[in-house]
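**Student:** Take this structure, written in structure tokens, and hold onto it; I'll ask about it next.
The values are calculated or read from the model by the stated rules, or taken from the named source; none is laboratory data. Everything quoted here is computed from the prediction, not taken from an experiment. Please note: Cβ atoms are built from the backbone with ideal geometry, for glycine as well, and neighbour counts cover all protein chains shown.
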2 protein chains.
Amino acid sequence: MKSKDAKGPASPKLADFLCFAIYSANLAYGRAYKPILEELGLTYTQYIAIVALWEEDNQTVSALGEKLFLESNTLTPILKKLEAMGYLRRQRDPADERQVLVSLTDAGRRLREKGLGMNLVQASGLTPDEFRKMQKGVVTLRNNLIKARGGEG
Amino acid sequence: MKSKDAKGPASPKLADFLCFAIYSANLAYGRAYKPILEELGLTYTQYIAIVALWEEDNQTVSALGEKLFLESNTLTPILKKLEAMGYLRRQRDPADERQVLVSLTDAGRRLREKGLGMNLVQASGLTPDEFRKMQKGVVTLRNNLIKARGGEG
DNA sequence: TACGATTAAATCGTATGCGATTAATGTAGG
DNA sequence: CCTACATTAATCGCATACGATTTAATCGTA
């Protein structure tokens, strides 16, 4: 059970890393979604941002970022692109000029109907029950990782 | 159970997307690993590449890419950086000059001992059994997504 | 042998992520 | 009022990802 060259302790095997499974599954998702999202003219991250706005419109950049686990350094360029495409508006909150409110345009809302028709990738190969369990498990994992950030340093 | 503004069909909820769970878990892993990998002076992807070379040294760029789910356009710059850091060598295969063989230096192998001591992130909050199941499930999911690529178009 | 097809890596342009910093605005205390 | 501090976006530089193309080497075959 040692590494094949038998020098030093056994190497960690890439296939046993949960982090690598997640990493490569994320790449696989991106590739699976790409041809579908291309029909909408959106990238993966742009699509996720739009979905978050369908759920709750007229959010600040930081509120949106909390839901997407992204900060303004990543979000701002993406939102500017979506604005240039005509899917949303960005306007300073008059009550607090530090904040920028992001809201969908009609075109942005219309994407929902187009997007709903395409029913994206249903993780073919998983039963509905497996799908739910996996979904819950990965969310738990993510939340644990975020909690651990502060604790273990 | 409709979307809150009750116009059109219910929106898909971000929290129900398995793809988003994977996406955000991957971000969370990257952030959790960062302070640990910084001690090694490596980024996440650089670390994964090194681990793959611990497992099997002296691989071509494409063989390495198959294991990491990456292609030369992504790998080449990373390997060049690792070479500049002194952790690996890149040399054309004399038997087939199209291929580049990647092999660890002594310094690259020594990283293993340093890396093993730090025991990275153990996904705190999951039992060993949950951890195993999750790992297997995500790998299955990834493989299904890759298989589906050709099939569903 | 010659030459078109194939293969492998590298290059280029675009889109993310993210640490660090900056600019603008708001807030609290003297 | 004024200054120190806090908060929010935005900016900048660096490191990935990836589609498309390019370059170099090899292969197949007439």
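**Student:** For the stretch B:73-104, how many residues are in contact with a strand residue (DSSP E or B) (Cβ under 6 Å, 6 or more places away or on another chain) and polar (S, T, N, Q)?
**Tutor:** Of the residues in that region, 3 qualify.
**Student:** If you go through the stretch B:88-99, how many residues are near DNA strand C (Cβ under 9 Å from one of its atoms) and in contact (Cβ under 8 Å) with a residue 12 or more places away in the chain?
**Tutor:** The qualifying residues number 3.
**Student:** So which residues in the stretch B:11-21 are within 7 Å of chain A (Cβ to nearest Cβ) and either within 13 Å of the chain's Cα centre (by Cα) or part of a loop (DSSP other than H, G, I, E, B) (or both)?
**Tutor:** The answer is B:11, B:12, B:13.
**Student:** Run down B:47, B:29, B:33, B:87 and say which single residue is within 13 Å of DNA strand D (Cβ to nearest atom) and away from chain A (no Cβ under 14 Å). Even if it seems obvious, please write down each step before you answer.
**Tutor:** On the way: B:47 fails: away from chain A (no Cβ under 14 Å); B:29 fails: away from chain A (no Cβ under 14 Å); B:33 fails: away from chain A (no Cβ under 14 Å).
Step by step, each of B:47, B:29, B:33, B:87 is checked, and only B:87 is within 13 Å of DNA strand D (Cβ to nearest atom) and away from chain A (no Cβ under 14 Å).
**Student:** Still on this structure, I have one more. From (1) modelled with pLDDT of 95 or more; (2) charged (D, E, K, R); (3) closer than 30 Å to residue B:51 by Cβ, pick out the condition that doesn't hold for residue A:5.
**Tutor:** Of the numbered conditions (1) modelled with pLDDT of 95 or more; (2) charged (D, E, K, R); (3) closer than 30 Å to residue B:51 by Cβ, the odd one out for residue A:5 is (1).
**Student:** Can you tell me how many residues within the stretch A:101-153 are surrounded by 17 or more Cβ atoms within 10 Å (Cβ to Cβ), more than 7 Å from chain B (Cβ to nearest Cβ), in a helix (DSSP H, G or I) and at pLDDT 80 or above?
**Tutor:** 3
**Student:** Right, another one. Would the stretch B:82-96 turn up any residue that is within 20 Å of the chain's Cα centre (by Cα), under 26 Å from residue A:137 (Cβ atoms) and of a type in the set (Phe, Trp, Tyr)?
**Tutor:** No, every residue in the stretch B:82-96 fails to be within 20 Å of the chain's Cα centre (by Cα), under 26 Å from residue A:137 (Cβ atoms) and of a type in the set (Phe, Trp, Tyr).
**Student:** Answer yes if at least one residue in the stretch B:58-66 is assigned to a loop (DSSP other than H, G, I, E, B), more than 13 Å from the chain's Cα centre (by Cα) and at pLDDT 95 or above, and no otherwise.
**Tutor:** Yes, that holds for at least one residue.
**Student:** Does the stretch A:50-82 hold any residues that are near DNA strand D (Cβ under 9 Å from one of its atoms), among the hydrophobic types (A, V, I, L, M, F, W, C) and touching a residue at least 24 places away in the same chain (Cβ under 8 Å), and which are they? Explain how you work it out, then say what you get.
**Tutor:** To start, the set of residues in the stretch A:50-82 that are near DNA strand D (Cβ under 9 Å from one of its atoms) comprises A:59-65, A:71-77, A:79-80.
Narrowing the set further to residues that are among the hydrophobic types (A, V, I, L, M, F, W, C) leaves A:61, A:63-64, A:75, A:79.
Those that are near DNA strand D (Cβ under 9 Å from one of its atoms), among the hydrophobic types (A, V, I, L, M, F, W, C) and touching a residue at least 24 places away in the same chain (Cβ under 8 Å): A:61, A:64, A:75, A:79.
**Student:** Would you confirm, using the coordinates I've provided, whether residue A:55 is under 18 Å from the mean Cα position of the chain (by Cα), closer than 19 Å to residue B:19 by Cα and surrounded by 14 or more Cβ atoms within 10 Å (Cβ to Cβ)? Show your work before the answer.
**Tutor:** Numbers: under 18 Å from the mean Cα position of the chain (by Cα): yes; closer than 19 Å to residue B:19 by Cα: yes; surrounded by 14 or more Cβ atoms within 10 Å (Cβ to Cβ): yes.
The answer is yes for residue A:55.
**Student:** Quick check on the stretch B:55-87: of everything there that is more than 12 Å from DNA strand C (Cβ to nearest atom) and out of contact with any helix residue (DSSP H, G or I) (no Cβ under 7 Å at 6 or more places or on another chain), which residue is nearest to residue B:103 (Cα to Cα)?
**Tutor:** The selected residue is B:57.
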